[in-house]
Structures are given as C-alpha cells and as structure tokens.
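To start, the structure itself, in structure tokens.
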Amino acid sequence: MEPKYPYDLEELKQIEKLLEKVPVYQKKIAELSAEIKELSRQAVEAGAFSDIQKIDKLITKAFYIDCENRSFNTSDSDTIARLLAEIAWHGEIKNRNIPCEICGENRSTDRCHIIPSKLGGTAQENNILILCPTHHRLFDRFMLSKAEWTIIDWDRKSKISKKYAYSVTLEAHRVFWDKMKNNGEPEKIREYEVNEKSFIGHVIEEISSLFIKGRAVKAESVYQMLDKNIVEISKKVIRQLIDRGFLKQIKAENHNMLVLGVEKLEVSDELVLRIWQQVG
C-alpha cells in the first residue's frame, strides 16, 4: 500500500521546497504568455502573417506540447513547412524530447519500465517513466535519492504499475537509503535484496477477483480482463494455482475454461511465498 505521508523529515522538506516554487513557476508562465502575445503582435506588423491568433497558437504549441525525438537545429524552408504541416495534422510539433520526469533534462531521454520486461511489463505509457540516461540507471539500480523519488508523479501510472513501484521498487530504495545513512557512501543493491514477493501477492489478488465459485471463465477472457502489464506473469501464476488445486482447467465447447477448485481463493502469506519461489 502506498504511503499517505512523507517517508521522513528529509522528504517532507523536499515537498515544502517544491510547494514554495509553485508561485515562482506561475509567475514565469504568466511572463512567458505575455511575451508570446507580444511576439505574435510584432509578427503581424512585420507582415509574415495576418492572423495574430494563429501565430499565438503556433508559438504556444512550440512551448507547451510534449514532443518526440527529432533534431530542431535547422531553419530551411522545407523543414519549416513540414513543421507547420505537422501542427495542422497532428496538433503538435514533433521536434523535441519529452523531458526526464525527475530532472527535466530533454537532450537525451529513455523509456524506462516500471514493471520490468522480465516480468512481462509492457512499453505502454502507464508502465513507462521518461528518464534521462543517468536517472534511468539510478532507477534500475535502486539508487535514486529520496528527493528524486518524491518528484515522480506516480498518479499517472497504471494501478498495478504503482503497486509494483511501491511494493518492490520503493522498498529496494529504502534498503539503499538505509545503507547510505549507515555507511555514508552509495552501495548498489544486491539481487537478493530485491523482494518481489509482495508484488506476486498483488497478481494473485487480481486473478482471484475474476472468479466466483461454480462459474467457469474462458482462459483467454481472464488474460483480456487483466492489466496487460501482468498478463505474462499471470500465466505462470495461474499454472501454479492449477497445480495446487486452487483453480481447475476444463474443456467446454473447444474452449479452455478455468474454474475455482476451492470455495474461495484465499491469498495467504504461505501461498504467495510458494508461488513466488516458483515464478520469481
């Protein structure tokens, strides 16, 4: 379960610093908007365009729209014509990187999985963080600082991706933070210190929520109802649940069906541990 309060005093101070900057950001945005309007007015007077609102819209999109990778250090007429066509067709200028979600760097960014691909995590937006190469490596190695972790907006991610982030990634970072506190130097997390057991428990709960005693469900329907980021790991978990008699697999009208083999699938610590040992 995600925390409802700051992890410690250091994290609280970081949140306070960010809140203090909000009025400054609002002032800067207001100043930028005023500059855009003035630039639009000057462009009209120069005779390049006659529609001040159109110019205002073009400049605003260039500043505010999230954009993909593309060089923008060119000014030839063909490139400008292409950019104008992209705005008209796509509603955006595709000439910049989406900035790192931690530091804002946008010269070079990566797409970082939250639920890792080895567990079946997809490259869908709700399971991806846009990070610069440095923060990508720090995230994967569980070596972000508390302040850097706090900056990430997890509310934009899928429910199951958030569960992985808080039950696995955050816990591994806490191990790193404790090491930093005790030793004073960065020390990479060992593989055995990353515990995905609690996440497997979440997966079992997601699967169990789809079954009612006595009602058979098509296996393919089960996978369609689950979040795509846990479909692959769910196939392994379901195989373990079948082997242990919690689920039964039957044939009906040429379909593979699944049905509860018990009154209710109780997600006990012992069950989670045994399945994690097999699929982890």
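Read-outs throughout are calculated quantities, based only on the coordinates presented, and are distinct from any laboratory measurement. Since this is a predicted model, take the numbers as computed values, not measurements. Please note: Cβ atoms are built from the backbone with ideal geometry, for glycine as well, and neighbour counts cover all protein chains shown.
Describe numerically, in nm with one decimal, the distance between label points set 7 Å from Cα along Cα→Cβ at ASN182 and at SER268.
Between ASN182 and SER268, the label points sit 3.3 nm apart.
At R0 = 41 Å, how high is the FRET efficiency between LEU12 and SER208 if r is their beta carbon distance? Nearest 0.05 is fine. List each step's numbers first, then the result.
On the way: r = 37 Å, r/R0 = 0.90.
Efficiency computed from Cβ-Cβ geometry: 0.65.
Measuring from label point to label point, each 7 Å out along Cα→Cβ, what is the GLN249 to VAL22 span in nm?
In this crude spin-label approximation the distance works out to 5.3 nm.
Around LEU247, which amide H atoms from residues at least 5 apart in sequence, or from another chain, sit under 5 Å from its own amide H, with H modelled in the peptide plane?
The list, which skips near neighbours in sequence, is ILE242, GLY261.
What are the residues whose amide H is under 5 Å from the amide H of LYS218, where those residues sit 5 or more places off or on another chain and H is modelled from the backbone?
Those lying under 5 Å, H to H, from LYS218 are LEU258.
Rg to Rh for the stretch 110-193: what is it, with Cα atoms only and Rh by Kirkwood? Spell out each step's value before the answer.
On the way: Rg = 12.6 Å, Rh = 13.2 Å.
Expressed as Rg/Rh, it is 0.96.
I need the Kirkwood Rh of the stretch 124-280: take the reciprocal of the average 1/r across all distinct C-alpha pairs and report it in angstrom.
Details: mean 1/r = 0.0571 Å⁻¹.
The answer is 17.5 Å.
Report the Cα-based extents of the stretch 197-279 along its three principal axes, largest first, to the nearest Å.
Principal-axis extents of the stretch 197-279 (Cα, largest first): 36, 27, 19 Å.
Grab the beta carbon distance between GLN124 and TYR166, set R0 = 30 Å, and tell me the FRET efficiency rounded to 0.05. Don't jump to the answer; show the numbers that get you there.
Numbers: r = 19 Å, r/R0 = 0.63.
That gives a FRET efficiency of 0.95.
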